[in-house]
Structures are given as structure tokens and as C-alpha cells.
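Data first, discussion second: the structure below is written as C-alpha cells.
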Amino acid sequence: MGSTIVPPMSRLDVTFTGLHFENPFLLASAPPTESDANIMRAFDAGWGGVVTKTIGLHPVVNVDGPKTKFLRAAPDSGHLSMKKRPGTALHSSWNWELISDKPLDWWVPRIARIKQAHPDRILVASIMAGSGSDDELRAWQTLALSCQEQGADALELNLSCPHMDRADMGSNIGKNTELLSVVTKAVKEVATVPIWAKLTPSTTDIVVEARGAFLAGADAISSSNTFPSLPLVDPETLEFEMNVDGYVSSGGMGGPAILPLSLAKMASMAQAFPDKAFSGIGGISEFAHALNYFLLGCGTVQVCTAAMLDHAIGPTIIKSLLAQMQETLERRGWSSIEDARGLRRDRIVVHSQIRRPDSKAYHGGYEAEGYAQ
């Protein structure tokens with residue numbers, strides 16, 4: 001009798017921007033990645049990578065009171081509220097937390113300690129400074145050098161925080177191609193590790209900003225950061241559900257609600273730059289969500305809201321993601337997620353290419369050929 005050929009086991013590891021990940025799932029830069037203890041707990045739980053809370057050089061003081069809340073929807077009505085109540089489903093997260101309020105000197109020994117404890121896991125340092133002067137550009141370089149010297153495997157440039165007061169910081173850089181290009185180039189001059197540019201979705205055409213980042217030397221784009229938004233007003237009290245002394249400012253919305261929006265942003269970039277590297281962020285809580293990003297061309301994905309709700313660092317989420325990924329790869333006969341990467345990127349077309357029942361009757365919004373009878 002002939003021997004039975006056993007197909008090889010599907011592999012969960014990936015190579016992204018030259019770095020080897022045990023799996024393509026990262027814990028995104030957020031409140032849970034604020035401490036070395038949480039980051040090491042995340043690695044112990046099984047995450048392939050972690051992006052630190054954004055590190056800066058300027059002083060940071062967060063708002064008084066809660067910084068993150070979760071918006072919930074009632075399945076039998078259109079009612080949305082941050083108030084906890086039974087029988088509701090997660091709609092989105094909302095936060096107005098700034099970057100890490102811990103100084104670089106606090107982070108430096110902790111980055112080294114994390115890498116010593118987990119040398120085979122990928123630690124990405126998220127960094128942020130301004131862009132209005134040579135001093136600010138040197139601040140970017142100081143942050144980059146300090147983090148990579150302690151063992152950070154990559155640098156994620158925060159060009160996308162949606163609630164910064166300074167015109168030369170956060171999403172205000174990400175919406176300005178010239179500024180983000182200058183910043184990326186400045187970091188590239190000193191970086192010996194890959195650079196990921198984290199872009200804001202708050203832009204007219206994110207392809208323009210992605211092009212500027214790539215031309216300046218970015219090795220990958222991370223997208224999307226949270227979407228600028230406001231909390232809802234409580235109809236009983238007429239107060240914003242999230243406020244300090246009755247006042248509120250724009251914050252960032254994440255979670256399930258932004259999944260389709262983030263996918264649209266990613267699709268436009270992945271189609272424009274099919275040979276470039278992308279890390280997908282937004283609304284992922286199960287592998288089916290992550291698969292969307294892989295099918296569009298992403299090499300890794302990042303998770304935030306779902307992990308925050310799961311003991312802060314998502315031990316249940318990562319186990320589920322890995323199990324569902326393994327099952328999907330084996331069921332489809334894929335040897336790795338690379339077999340799926342970009343498979344549906346070309347299925348997204350301009351509106352005029354979608355078939356009509358009577359193609360002769362369609363004139364792209366014009367009355368007839370020549371635009372007139």
C-alpha cells in the first residue's frame with residue numbers, strides 16, 4: 001500500500017517589515033500597554049507583538065475623571081448609551097486619553113527589561129513629538145534612538161492622535177503630507193529598525209498621506225487610529241455622557257463601529273500600494289474581522305477595544321484568534337496567512353464598474369453621451 005501524504009501543518013507565524021512574529025496579532029498602543037507589567041502579561045498570554053503606549057518628551061497631564069468609556073447598543077431599539085445596562089452589545093469605545101504621562105527616562109529601562117524577558121516577541125515603541133521646529137525633529141530622533149538602543153524591534157510614529165491641542169502634533173501632522181514626510185524622514189535618518197507610520201483616518205484621501213510617508217522612508221503604515229468623535233448627550237440630564245465640569249472635547253472612537261470605516265481606509269491604501277506593508281487596526285474582536293484586513297493585503301493586525309474589555313490585555317481574545325486562525329487555515333488548505341493576503345483587494349472597484357441590469361441606461365450621472373440631447 002502507498003503511503004498517505006499528510007499535508008503540512010498550517011503556520012501561524014509571519015514576517016512583517018523584516019521582523020519575525022510568532023503570530024500576526026498585536027496589542028495596539030493604548031492604555032493597557034502603559035506599563036511593562038501589562039506588556040509582559042500580554043506576551044505571556046500569547047500576543048505576537050505589542051505596541052507601547054505612545055512615548056513623548058513633552059509634559060502630559062490627562063483630564064480629570066474617566067478617560068475611556070464604552071458605548072453600548074440595545075438590540076431591540078436604536079438606543080445608544082455609555083451607561084451599563086443588561087442585554088446590550090458593545091457598539092464602540094470612546095477615549096480622550098493623551099499619550100503616556102510617564103517620561104522617557106521611565107520607559108527606557110522598562111523597554112530593556114521587557115526585551116530581556118521576551119527576546120523572541122516583537123516590541124514596537126510608539127513615539128510622538130511635534131514638527132514645528134528643528135528642536136521638535138530632534139525630539140523625534142531622541143525618542144527613536146533611546147527606544148531602539150534598549151531593544152525595541154520597531155518604531156511606530158504616532159501621526160494620528162485625534163485630540164492634541166498643538167497644531168504640529170498628533171493627527172494635525174497626519175493630515176499634513178509635508179509635516180508627516182519631514183517627521184518620517186527625520187526618524188529614518190537615525191533609525192536602525194523598521195518604521196511604521198500610524199496615520200489618522202481624519203483626512204480626505206488617506207492615500208495622499210500614505211504616499212508621503214512611504215516616500216519619506218516608512219517601512220509600513222498602521223491604520224486606522226480612532227475616529228474623531230463626541231460622546232452622546234443624555235436626554236434626561238442634557239449633559240454629555242462623558243464630561244468634566246459639564247464640558248467635553250473631541251475624543252477618539254474605536255471598537256466594532258469603526259470596522260467597516262477602517263477597512264475602507266485600508267482598501268484605498270492597499271490598492272494604491274499593493275507591494276507595501278500594512279498593519280490593520282480597527283474593530284477586531286474575532287478572526288473573521290482580522291481576516292478582512294488580511295484579504296485586503298495587511299501583514300499584521302492590531303487589537304485594542306476587545307482586549308481592553310478582556311482583562312486589559314486580552315488573554316481570552318488572543319487564544320480565540322489563534323484557534324480560529326488555525327482552523328481557518330486548515331479548512332481552506334492555506335499553509336500560512338500569506339496565502340490569503342490580498343486575495344480580495346482587487347474586488348474593490350469604482351462605482352461605475354458595478355454591473356447594472358441595463359448597462360446601456362447608465363451614463364455615470366450624466367443624461368446621455370455628450371451630456372445633452
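For this structure, a couple of remarks:
- Leading residue by the ranking (most open to solvent (accessible area, probe 1.4 Å)) among those in segment 32-90 that are in a strand (DSSP E or B) and charged (D, E, K, R): Lys69
- Test: Val63 is in contact (Cβ under 8 Å) with a residue 24 or more places away in the chain and under 18 Å from the mean Cα position of the chain (by Cα): no
- Restricted to segment 5-19, and to residues there that are modelled with pLDDT under 95 and out of contact with any Ser or Thr (no Cβ under 8 Å at 6 or more places or on another chain), the residue that is farthest from Leu321 (Cα to Cα) is Ile5.
- Residues in segment 20-31 that are at pLDDT 95 or above and surrounded by fewer than 19 Cβ atoms within 10 Å (Cβ to Cβ): 2 in all.
Quick grid of which residues meet (1) of a type outside the set (Asp, Glu); (2) closer than 30 Å to Ser285 by Cα; (3) at pLDDT below 95; (4) touching a strand residue (DSSP E or B) at 6+ places or on another chain (Cβ under 7 Å):
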position	(1), (2), (3), (4)
Thr328	yes, yes, no, no
Ser335	yes, yes, no, no
Asp339	no, yes, no, no
Arg345	yes, yes, no, no
Val349	yes, yes, no, no
Lys360	yes, no, yes, no
Glu369	no, no, yes, no
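- For segment 148-169, the condition of being open to solvent by 20 Å² or more (accessible area, probe 1.4 Å) and among the hydroxyl-bearing types (Ser, Thr, Tyr) holds for none of the residues.
- Test: residue in segment 340-350 that is closer than 30 Å to Gly46 by Cβ, among the hydrophobic types (A, V, I, L, M, F, W, C) and open to solvent by less than 40 Å² (accessible area, probe 1.4 Å): yes
- Qualifying residue in segment 156-164 (condition: within 30 Å of Ala74 (Cβ to Cβ) and not acidic (Asp, Glu)): yes
- Check on Glu136, over 21 Å from Gly280 (Cβ atoms) and modelled with pLDDT of 95 or more: yes
The values are calculated or read from the model by the stated rules, or taken from the named source; none is laboratory data. This structure is a prediction, so every number in the text was calculated from the model and none was measured. Every residue, glycine among them, receives a Cβ derived from its backbone with ideal geometry; neighbour counts consider all protein chains shown. Each accessible area value is taken on the protein alone, full model and side chains, heavy atoms only, with ligands, DNA and RNA left out. Shrake-Rupley method; radii C 1.70, N 1.55, O 1.52, S 1.80 Å.
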